[in-house]
Amino acid sequence: MRRVGRWVTGMAAMLAISAGATGCGDGSGRDTATISFGRMAGYVWSGHVSSVGAAWSVPTMAGGPGAAHASTWIGAQAIAAPARSAFIQVGTTEDRGRASHPVYAAFWTDTKRGYHPQVLFQVSAGDRVSTALRRVAGRWQVVIADATSGQRAAFGTREEGAAAFSLAEWLQEDPSDTSGQATPYPELSEVRITHLAANGVAPRYADLYAQWMSVGGTNLVPTPAREGAFSITRGEVTAAGRRYLRIARPQNIAARRIDLEQATWSATTPARRIRATSAAAAASERAYAGSLGRTHWPPAAQGLVRSLVRQVRLQERLFAAAGHRAPASLTTWRRGLARLTPDLLRLAHRVRRALHLPEVVPGQSPSSDRRTP
């Protein structure tokens, strides 16, 4: 059975979003970037998660030959090593096999089940379904109800019950098969998810992180969340958005390399090694801030980019100081970064929203997500 995708967190996933542009020019000054984002479109909320809920009408698959697969779901995830993040989801699958006959089903799955969908009952295109995940006393309550047919599944499980869940998710997905390969994505009727709830209340739009899906050369993006609802529609990256991604790409590559390096440090790490890595980080931040500052941005983003540049400069100075004289301890080195992280991430979020780009979800720790703008 194919895998219904799990949200992959951490620096690798952030870089896939931040540095999504490849082939950034042909030498003529024209931007020829081909930008590809992930295979999930919708929203993610970050914070302590005890419950998630939403409702939607099962999307209708257009007729046509050949297999195609999609899924619409809510989920909750804990931040851990990406390969073993605690995760649970419930939703609907929209499938068409080789016989070209659409099949729709309610499902659930989690980390213990390898993310393979566990079918609960069959549904039909257009059925109105509501979903909920609630954790009480280390036990998840999983609910999905079809108001059109009257079918319902509700049960409890202690699987995934012990972790500290920090992401709530409302997503439409182009899933992968059992080998991890992307499956053909179908043409669907409007995907509209309503009654969004995290911990029993509708999340604020300002606190949501937009996720984009790239399929068949097209970007599918969520509309702005209004009154706890949004739709999935086609979207384009603006020229300003492309400029931002082009500028961010080398900085994020350097950040990834530096993060991998500092993750190996211990109390016995030579000071000269910390100094060399810090100096490289300072140079990367300096180049990033300089490129952002020299570029013309749309009015909606100008002030935000200026604030982001100031915050990046603060990180540059912190790294530069450590590049000249390594701090007395790794704790000191990392504490300095952690102090700057919240403001940097908030600014990056607002800049991306102003430029109409997919937004980076906070990652595993300050050390892994500090340079993802």
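The values are calculated or read from the model by the stated rules, or taken from the named source; none is laboratory data. Quantities reported herein were computed from a predicted structural model and do not represent experimental measurements. FYI the Cβ positions are ideal-geometry reconstructions off the backbone, even for glycines, and counts take in every protein chain you see. Areas reflect the complete protein model, heavy atoms only, side chains present, ligands, DNA and RNA absent. Shrake-Rupley method; radii C 1.70, N 1.55, O 1.52, S 1.80 Å.
A few remarks follow.
- G53 vs. criteria at pLDDT below 95 and of a type outside the set (F, W, Y): no
- Candidates T148, T178 - the one that is among the β-branched types (V, I, T), modelled with pLDDT of 95 or more and open to solvent by 70 Å² or more (accessible area, probe 1.4 Å): T148
- Hey, R246 in contact (Cβ under 8 Å) with a residue 60 or more places away in the chain, open to solvent by 10 Å² or more (accessible area, probe 1.4 Å) and over 25 Å from L330 (Cβ atoms) or not: yes
- Residue, farthest from I35 (Cα to Cα), within region 250-279, restricted to residues that are in contact with a Gly (Cβ under 8 Å, 6 or more places away or on another chain) and surrounded by fewer than 19 Cβ atoms within 10 Å (Cβ to Cβ): R275
- Every listed requirement among (1) modelled with pLDDT of 95 or more; (2) closer than 22 Å to V360 by Cβ; (3) surrounded by fewer than 20 Cβ atoms within 10 Å (Cβ to Cβ) is met by P299 save one, (2).
- Qualifying residue in region 147-154 (condition: under 19 Å from P175 (Cβ atoms), out of contact with any helix residue (DSSP H, G or I) (no Cβ under 7 Å at 6 or more places or on another chain) and of a type in the set (S, T, Y)): no
- Residue identified as in contact (Cβ under 8 Å) with a residue 40 or more places away in the chain, within 30 Å of D127 (Cβ to Cβ) and either aromatic (F, W, Y) or touching a Lys or Arg at 6+ places or on another chain (Cβ under 8 Å) (or both) among N219, N252: N219
- The number of residues in region 49-95 that are farther than 30 Å from A137 by Cα, open to solvent by 20 Å² or more (accessible area, probe 1.4 Å) and part of a strand (DSSP E or B) comes to 3.
A quick yes/no check of all residues on (1) open to solvent by 10 Å² or more (accessible area, probe 1.4 Å); (2) closer than 24 Å to V119 by Cβ; (3) not charged (D, E, K, R):
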| residue | (1), (2), (3) |
| --- | --- |
| Q141 | yes, yes, yes |
| R152 | yes, yes, no |
| A162 | yes, no, yes |
| Q172 | no, yes, yes |
| R192 | yes, yes, no |
| N199 | yes, no, yes |
| Y209 | yes, no, yes |
| M213 | no, yes, yes |
| N219 | yes, no, yes |
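- Criterion (at negative phi and at pLDDT below 95) met by exactly one of V201, V215, V221, V191: V215
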